[in-house]
Every structure is written in structure tokens, then in C-alpha cells.
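Q: Okay, here's the structure, questions in a sec.
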Amino acid sequence: IDISRHQHEKGKKRYSINWKDLRIISLGKKSKKIIHGKVDYPVRFVFIKATEGVTVRNRYFAADYAAARKHGYRTGAYHFFSTKTSGRQQAINFLRHSRYTKGDLPPVLDLEPTDAQIRKMGGIDNLFHHARQWLNTVEKAHGVRPILYISQRFVNKYLSLAPDLHNNYNVWIARYGEYKPDVNLSYWQLSPDGRVKGIHGDVDINVYNGFDFP
């Protein structure tokens with residue numbers, strides 16, 4: 001699964017996560033997929049949003065990170081990329097407010113720009129320039145190559161314009177249908193509206209592309 005402050009807040013209401021009871025009980029209805037049998041799966045890993053842009057941080061990150069590790073889940077942190085600020089400065093914000101400990105999943109750069117945002121920041125080459133700044137800064141700090149979180153649409157429209165990213169980075173893809181993308185696939189976000197026992201509201205459900213974690 002992956003989580004952010006949205007699993008803790010809805011309007012003025014606040015919710016906690018019952019970490020000892022986590023169980024995937026629905027794969028949602030928005031994605032096109034074939035489901036056989038009852039949905040009742042254990043949670044194996046948790047990606048947690050840490051930061052966004054150069055100033056935003058997830059106030060729940062530290063507590064969720066500690067709780068996930070305490071309960072035996074493989075844990076990773078992700079940063080939501082802003083098209084308004086420097087990739088290097090965003091990396092500094094991420095490094096300041098996230099955690100990476102031995103055994104954690106690689107850090108993730110979440111790239112979800114709209115076409116209008118890409119145009120406003122000067123085009124796709126400029127976006128890739130700042131994305132590389134973030135990736136290189138974080139890799140240098142932690143000694144591990146980050147993962148790119150991108151949509152199938154972004155792959156189809158833009159990723160071929162950055163062959164170094166396409167060839168050298170593993171991808172966590174958001175695609176809500178069953179077909180294999182042309183990327184180095186590590187994780188598949190198959191549902192944005194799943195349900196997890198112990199967590200309030202919708203939860204993103206993901207599958208690891210392998211038999212066990214490295």
C-alpha cells in the first residue's frame with residue numbers, strides 16, 4: 001500500500017491507523033481487472049509520502065514510518081514533485097524530512113505533472129532536468145538509486161524523450177488495467193480506491209513485481 005496524510009484527515013476529522021490489523025479487503029472499482037475469489041490479502045510493504053515541493057512535509061510521516069517498521073512492514077518514502085521549484089531544492093526538503101534506513105525500499109520520486117504544468121515550467125526537457133537533479137541528489141545522499149513513480153500516460157507520451165531515465169531507473173507505475181508496460185517495472189499501482197482493514201477511507205493498492213524483496 002501507499003499512504004499520505006489523506007489516510008489521517010478528512011475535512012476536520014482525524015483518523016489513526018491500526019497497524020496491527022492491516023489487511024487488504026477490497027481492490028476497488030475504478031480499475032479494470034479480473035478478481036478471482038475473496039479479496040483478503042496481507043500487507044507486505046508501505047510507501048509513505050514524506051514531502052512535496054520545497055516546503056511541504058507530511059506531518060504524519062515520522063510516526064507512520066516508525067509504526068510500519070515496528071510492525072514488520074518493508075517501508076519506503078516518496079516525494080511529490082512540484083513543477084514550480086528546483087529539483088535540487090526539492091531533494092533537500094525530502095532528505096531533511098524523510099528517513100532511509102538499511103532494509104528500507106528505495107526512495108521514490110512521484111512525477112504527476114499535467115501537460116499545462118509541463119508547458120508552464122518550460123517544457124518536458126526542463127522537467128526532466130529538474131527530475132534528474134532530484135534523483136542524483138538523493139542517490140548521492142543515500143547510496144541507492146531512487147524509483148520513478150509515473151502513470152502509463154506519462155510513459156506513453158514522455159518517457160521515450162528521456163532514454164537515460166527509461167533505461168536506468170526502475171518504475172512504480174500507476175496503471176488501472178492489466179497489460180505490461182515498456183519499463184523496468186518494480187511496482188504496479190493497480191488500484192487507487194482499495195480498502196484496508198485498519199485504515200479509514202480509500203487506499204492505493206500496489207503489487208511488487210517479484211517473488212520476494214531484494
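The values are calculated or read from the model by the stated rules, or taken from the named source; none is laboratory data. For clarity, every value in this text was computed on a predicted model and none was experimentally measured. Glycine gets a Cβ as well: all are built from the backbone with ideal geometry, and neighbour counts include every protein chain shown. Accessible surface is based on the protein model in full, side chains and every heavy atom, while ligands, DNA and RNA are left aside. Shrake-Rupley method; radii C 1.70, N 1.55, O 1.52, S 1.80 Å.
Q: Within the stretch 172-186, take every residue that is farther than 15 Å from PRO107 by Cα and among the hydroxyl-bearing types (Ser, Thr, Tyr) and give me the one that is surrounded by the most Cβ atoms within 10 Å (Cβ to Cβ).
A: Looking at residues that are farther than 15 Å from PRO107 by Cα and among the hydroxyl-bearing types (Ser, Thr, Tyr), I get TYR176.
Q: Do we find that SER191 is in contact (Cβ under 8 Å) with a residue 60 or more places away in the chain and either among the polar types (S, T, N, Q) or on the phi > 0 side of the Ramachandran plot (or both) in this structure?
A: Values: in contact (Cβ under 8 Å) with a residue 60 or more places away in the chain: yes; either among the polar types (S, T, N, Q) or on the phi > 0 side of the Ramachandran plot (or both): yes.
When the stated conditions are applied, SER191 passes them.
Q: Another question, if that's okay. Do we find a residue being open to solvent by less than 40 Å² (accessible area, probe 1.4 Å), touching an Asp or Glu at 6+ places or on another chain (Cβ under 8 Å) and either in a helix (DSSP H, G or I) or under 30 Å from ILE35 (Cβ atoms) (or both) anywhere in the stretch 141-149?
A: yes
Q: Hey, another quick one. Under 7 Å between Cβ atoms, which residue pairs at least 6 apart in sequence (or on different chains) link something in the stretch 43-71 that is in contact (Cβ under 8 Å) with a residue 12 or more places away in the chain and on the phi > 0 side of the Ramachandran plot with a partner that is part of a loop (DSSP other than H, G, I, E, B) and of a type outside the set (Phe, Trp, Tyr)?
A: Pairs found: GLY53/SER82; GLY53/LYS84; GLY53/THR85.
Yes/no per residue for (1) in a loop (DSSP other than H, G, I, E, B); (2) modelled with pLDDT of 95 or more; (3) under 21 Å from ASN126 (Cα atoms); (4) among the hydrophobic types (A, V, I, L, M, F, W, C):
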site	(1), (2), (3), (4)
GLY37	yes, no, no, no
PHE47	no, yes, no, yes
ALA50	no, yes, no, yes
ALA62	no, yes, no, yes
THR83	yes, yes, yes, no
GLN90	no, yes, yes, no
ASN93	no, yes, yes, no
ARG99	yes, yes, no, no
PRO106	yes, yes, no, no
